[in-house]
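The values are calculated or read from the model by the stated rules, or taken from the named source; none is laboratory data. As the structure is a computational prediction, the values presented were derived from the model and not from experiment. Cβ placement follows ideal geometry from the backbone for every residue including glycine, while neighbour counts extend to all protein chains displayed. Remember, those area values only see protein heavy atoms, side chains included, never the ligands or the DNA or RNA. Shrake-Rupley method; radii C 1.70, N 1.55, O 1.52, S 1.80 Å.
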Amino acid sequence: MKGNILGVALLLSSAGAMAGWLEPSESSISEFYPAASFCGMQKSNNTEITDSRIVGGGFEVRKGSKMSCNLPVKPGKYVERIVINYTKYNNDPRQCRVGFVRSTSGGVASNYMALSTYKGQKVWYYENLGSINLSDALKGQNLWIGCDHYVFDQPNAFMRYGTIRVDYTAG
């Protein structure tokens, strides 16, 4: 019995630590970007059908395999953490990536985000992305997030992305 109580106590304390773990640090400044304003769909080929819309302030995807978001950057500021929340119905996101990419290159980032639950909400997050300098920002570097989806084969299936939080600290 004593071992079970200790195990439950450790589980509860680690769950509480995990929830606080995604909080911005005291030294960071958080910027919030609504996915509805900064995200869109990409076609993986000329025949792919996409269906997305703005619903309740979120960006809802009903068809399409690739969603991407282009966010402004703060040159010289360190990106401590990026968190994007979502809800789902009869579908799951396959993966999300994040990084700095030139807006005109069509490139993708290779930093894979991790999946977690934060304050009861499903989120993708990435820690310690780094920073870019002013000259790279002037050359069109953006903070890019891309999420791939499984096929939307169930009726009324969707993914709805809410808010993107970027935590910056001094460079």
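For this structure, a couple of remarks:
- Against the test of being of a type in the set (Gly, Ala, Ser), farther than 21 Å from Tyr168 by Cα and modelled with pLDDT of 90 or more, the options Ser65, Ser44, Ser116, Ser52 yield a single qualifying residue, Ser52.
- Taking the range 30-69 as the range and being over 21 Å from Lys122 (Cα atoms) and part of a strand (DSSP E or B) as the test, the residues that pass are Gln42, Asp51.
- Any hit, the range 88-98, residues being surrounded by 14 or more Cβ atoms within 10 Å (Cβ to Cβ) and among the acidic types (Asp, Glu): no
- Counting the residues of the range 68-92 that are more than 17 Å from Met41 (Cα to Cα) and of a type in the set (Gly, Ala, Ser) gives 1.
- Scanning the range 27-53 for residues being under 18 Å from Ile145 (Cα atoms) and of a type in the set (A, V, I, L, M) gives a total of 3.
- Tally of residues being of a type in the set (A, V, I, L, M, F, W, C) and open to solvent by 40 Å² or more (accessible area, probe 1.4 Å) across the range 51-62: 2
- Checked against the criterion of being over 27 Å from Ser27 (Cβ atoms), within 18 Å of the chain's Cα centre (by Cα) and surrounded by 13 or more Cβ atoms within 10 Å (Cβ to Cβ), the candidates Ser65, Ser116, Ser131 yield just one match: Ser65.
- Scanning the range 121-136 for residues that are in contact (Cβ under 8 Å) with a residue 60 or more places away in the chain and in contact with a strand residue (DSSP E or B) (Cβ under 6 Å, 6 or more places away or on another chain) turns up Val123, Tyr125.
- Residues (more than 17 Å from the chain's Cα centre (by Cα), open to solvent by 50 Å² or more (accessible area, probe 1.4 Å) and modelled with pLDDT of 85 or more) located in the range 1-36: Glu26, Ser27, Ile29
- Selection within the range 84-121 - of a type in the set (Val, Ile, Thr) and farther than 21 Å from Gln141 by Cβ: Thr87, Thr117
- Residue selection: Tyr126 fails the criterion of being under 16 Å from the mean Cα position of the chain (by Cα) and over 17 Å from Ala35 (Cβ atoms).
- Scanning the range 37-50 for residues that are open to solvent by less than 60 Å² (accessible area, probe 1.4 Å) and in contact (Cβ under 8 Å) with a residue 40 or more places away in the chain yields a single hit, Cys39.
- Matching residues, the range 99-113, being in contact with a Lys or Arg (Cβ under 7 Å, 6 or more places away or on another chain) and surrounded by fewer than 12 Cβ atoms within 10 Å (Cβ to Cβ): Ser110
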